[in-house]
1. Which positions within the range A:405-423 get 40 Å² or more of their accessible surface covered by the other protein chains, compared to the chain by itself, with a 1.4 angstrom probe?
2. In Å, what is the Rg of the alpha-carbon atoms in the range A:198-256, and how long is Dmax?
3. Relative to the first principal axis of the alpha-carbon coordinates of chain A, what is the inclination of helix A:131-141, with its axis defined by its Cα atoms, in degrees from 0 to 90 and to the nearest 10?
4. What whole-number distance in Å separates the alpha-carbon centres of the range A:93-120 and the range A:10-73?
5. Given a 1.4 angstrom probe, I'd like the percentage of the accessible area of the range A:1-127 that is carbon and sulfur, rounded to a whole number.
6. Could you do me a favour and compute the accessible area per residue for the protein assembly as shown, 1.4 Å probe, result in Å²?
7. Please list A:Asp364, A:Asp95, A:Asp314, A:Asp4 in order of solvent-accessible area, largest first, computed with a 1.4 Å probe with all protein chains present.
8. Amide H neighbours of A:Val216 under 5 Å, at least 5 residues apart or on other chains, H built in the peptide plane: list them.
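The values are calculated or read from the model by the stated rules, or taken from the named source; none is laboratory data. This is a predicted model, so every value here is computed, not measured. Here Cβ is always computed from backbone atoms with ideal geometry, including for glycine, and neighbour counts include all displayed protein chains. These accessible areas exclude ligands, DNA and RNA; they are computed on the full protein's heavy atoms, side chains included. Shrake-Rupley method; radii C 1.70, N 1.55, O 1.52, S 1.80 Å.
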Amino acid sequence: MTHDLAIIGAGPAGMAAAVEARAHGLSVLVVDENAAPGGQVFRAAEAAAGDPAVAPELAPGLQLIAAFRASGADHRAATTLWHLDPDDGLLSLSDANGVAEARARRILLATGALERPVPIPGWTLPGVMTAGAAQILLKSAGAVPAGATVLAGQGPLVWLLAVQLARAGAPPLVLETRSTAISVALPRGGLWAGRRLLAKGLALMAEARRRGVRVVRGVRGLRAEGGSRVERIVWYGGSAPCDTLLLHEGVIPQTHVSRAIGLDHAWDAAQACWRPVLDGFGASSHDRIAIAGDGAGIGGWEAAVASGRLAGLDAARRLDALDRAGFAARAAAPLAARHAALALRPFLDALYAPPASVLAPPDDVIACRCEEVTAGAIRAAARLGATGPNQMKAYLRCGMGPCQGRMCAPTVAALIAEARGVPPEAVAPLRPRAPYKPLTVGLLAGSAESGQQPAQ
Amino acid sequence: MFRARPDARPATVEVLVEGVPVMVPQGASAAAAVLLAGLPAIRETPVTGSPRLPLCMMGVCFDCLAEIDGVPNRQACMVPVAPGMRIARQHGARVARP
């Protein structure tokens, strides 16, 4: 059967798009890798709603999750998209039972964000994780780091996680790496229009203080040290014992699939990342594919919900389930909501701009964790003639390990740009290849066998 | 090393981490079980054999590759625990099996 709309990802954008599209009678397939809807921001929200450490921040997601579950969308949980043919509208899926195919007239990528890689010396040591990883452990398992916990980096998630860990009885030492003065970010404006989000952020910082979270500001030169695991965090002018180190330098769009299928992308200098080129309703450079949520550029979950609704409406309009007047009437509210949700973003982007040493780390730091390639080796290969991450695969295997460049590609590109003395947008991003996630030969073979059986 | 908070999320599922029974909450991943069990590493890398534990917990980094119920190279952070699940460390490069 062919669905009207297939949505990849059941986070805020994907769920909102599904609810909107179903409201206009479209048949909707939602593919999501996780066992429960919510994405990362509302990860395990239903199961964790009773945990006081995370409940206040998960509460806004419960209504959306309930609406999504009641929407009648065909929700395939714990299912991975491993190939997408945009011309034919063909999705290749895998789950614990095997592989399957699905077809859709329109496809929405709502794959969200991933944390920007934070390559510092020692970041491959066991015990070093991302801040988001610790938050996922808290939401999905109620677990917290044991022993001395250090949360190093910058951005809204640092303050949110510090508060949540403190509520859970495991307050971290926060090493804030912010290097941009507030006075430098202020001219970006948006503080009045974004005052509600600003107030939420300030309240989190106040709660962190009230709960006794220790904060060191203006931290530079972070270095994780230890033998078989992290034991110590060192920075210019200080050090502390450390059993778990949580790193965070903001988030970037998850563009693995949108790059793999060859959509147009543009460099976003304010967020130091590539983002797909879209119209105001999420339509991409391919006439069947739309993108909504943080995968289209970082905006946070409220903007993601609004852009998901807009993409759902646009799908209904394109598939003749909604006329022009109905579309205009329904789109007004999410357009206004998205505008309000994005008001503070330019200020946040400027205030929490990642330092140059995170984008292009020193020579001795491992940039590609899978193949264990240092920044110095990548710079040397760039000087030898590797012009971009796609060429670098042949030189050093970066991007050819199991993560397929998800972790290293931004770093590799930044190092090449630096070594060649060109701006970051002059280095074409890595082009991922299918299968987007590894799958066993057995799964493929099983599907071939079942394909040869007569229908029961 | 992570610790559970049984008051918030009771541990109700028993899995075997390197053959040792560990109780973890419903909804936790196999990678979470490894962290709760306190293993020093979930795998050793194919290139230098250096130890790794999960980094991202959301299916991006592939540092949590482990052998789950006899199948190697599984993303342990993407596999929810089930009663009796066997989770084992992965050592270096994968070995071909007959």
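1. Buried-area filter returns A:Met407.
2. 15.1, 42
3. 60
4. 16
5. Accessible surface attributable to carbon and sulfur in the range A:1-127 totals 51 percent.
6. That works out to 39 Å² per residue.
7. A:Asp364, A:Asp95, A:Asp4, A:Asp314
8. Answer set, sorted by chain and number: A:Val174, A:Leu175, A:Glu176.
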